[in-house]
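To keep things clear, I will list the structure first and then write my remarks on it.
No value in this document is a laboratory result; all are computed from the given coordinates. The structure displayed is predicted, hence computed values, not measured ones. Note: ideal-geometry Cβ built from the backbone for every residue, glycine included; neighbour counts use all protein chains shown.
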Amino acid sequence: MAVDVERHIPSPDWATDMVDLHVHASPSLMPRHGNDEQTVSAERSLGFSTIVLKAHEGSTVDRAAIAGDGVYGGVVLNSAIGGANPDAVEIAARLGGRVVWMPTVSTATHKAGAASPELSVHRGFELAQVDVIADGKVLPEWMPVLDVIAEHDLLLASGHLSTVETIIFFEEAHRRGVRRLMVNHPKMPFLHWNDDAAQALLKLDAYLELGILPDLLSPQDRSSFTLLDVYPHELLVFGADLGHAHHPKPVDITPQWLRTLELHLGEAQARAIVTTNSRGLLL
C-alpha cells in the first residue's frame, strides 16, 4: 500500500464513531509515536470513539481506565505475564478489560519468523517462549484460561499464533464456551495463512482483523483487502495495529486506508466493518 504522507488525504465523510481494536502506545519497550493520552487524542481526531490499547509487555487494563471513556484494555499472555495465567485474565476481566490476546513475541511462530521483514520492528525485544499447542492439541494449562475467558465473555484474539495453531486453539475455545474470537492480522506472511483456513474459522463464527500495519508490511497480494474475497464481510473487523515510531502516524495513513476500503466495498459495508462489526465483537 503506497503511503502519501506529503499530501494529507481527508477521511471519508462517514468516518465517525469508529472502533480501532488494535492500538499501541507508550510506555513500551518499543518506540511509539506517543503515550496513551497522545495516542487516544490522535485516534479521536480521526473519528474513533472506541479504542483498544494493546501492549506486548502485559496488561493495558489500568492504562485504559485512566485514558477515558471509550478506551478499553486487555492482557497479552506472553511470558512477561506468566503465559497461561488464568489469574491474570481474571483480574483483567474484573478491572474492566475486554480482550485477551494469545502470546505474540513469545510464540514459537514469532521466533521462527523473527528474520521476516514484517517483524523487523520487534528485533531487540525478546521474551521467553510460551508454548500453546503440542502434537496438534492445546496444552492442558490453557484450559483454565479458556474457562475464565468464557465466564467473563471476553474477546479472545489469536496474537501471533500461526494460522494452523489458531484454528486448533479456537476450536478448543469454542468447545469450552468462548464466543468472541478474532484472528489478528491473518495475512501477515509469518503466520502462514491459506484460504482453506477461512472455512474452518467460519464454522466457529470467528472474526478476521483487517489492519493498516499489516498492509504496509505485506506484499499487495497478501493485504487485508484480499480477505474480502474469501470471508463474509459481516465477520470482518478493524484493528490498525499502528503506533510504532518507525511506521507512519495514524493521521498520515488511516484516511487513505479507509478510502481504499470504501473503494473495495462501498460506503455502507466499509462503515459497518469499522463501526458496528467491531463494536459488536468487543462489547
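What the table below lists for this structure:
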item	result
Given 10 as the ceiling on other Cβ atoms within 10 Å, longest exposed-site-free region of the chain for trypsin sites (Lys or Arg not before Pro) in DSSP loops	124-283
Two-decimal log10 I(q)/I(0) for the chain, as the Debye equation yields it once each C-alpha is a single scatterer, q = 0.14, 0.16 Å⁻¹	-0.96, -1.32
Distance cut-off 18 Å, percentage of C-alpha pairs in the stretch 75-157 lying past it	44 percent
³J(HN,Hα), Karplus 6.51/-1.76/1.60, whole Hz, each residue of the stretch 52-58, x for Gly, Pro	10, 7, 10, 9, 4, 6, x
Mean projected area in nm² (Cα convex hull; one quarter of hull surface) for the stretch 5-57	4.3 nm²
Relative counts (whole %) of C-alpha pair distances in the stretch 1-149, using bins that are 5 Å wide	2, 9, 16, 17, 18, 16, 12, 6, 3, 1, 0
Entries in K54/K203; K111/K187; K111/K203 that, when Cα-Cα distance is taken, lie over 23 Å	K54/K203; K111/K203
Helical mean residue ellipticity (222 nm; -39500 (n - 2.57) per DSSP H run of 4+; nearest 500) of the chain	-9000 deg cm²/dmol
Virtual spin-label span in nm between E37 and H246, 7 Å along Cα→Cβ	2.9 nm
Projected area averaged over orientations for the stretch 48-115, convex hull of C-alpha atoms, nm²	5.1 nm²
For the stretch 119-255, the fraction of alpha-carbon pairs in successive 5 Å shells from zero, as %	2, 10, 18, 21, 19, 16, 11, 4, 0
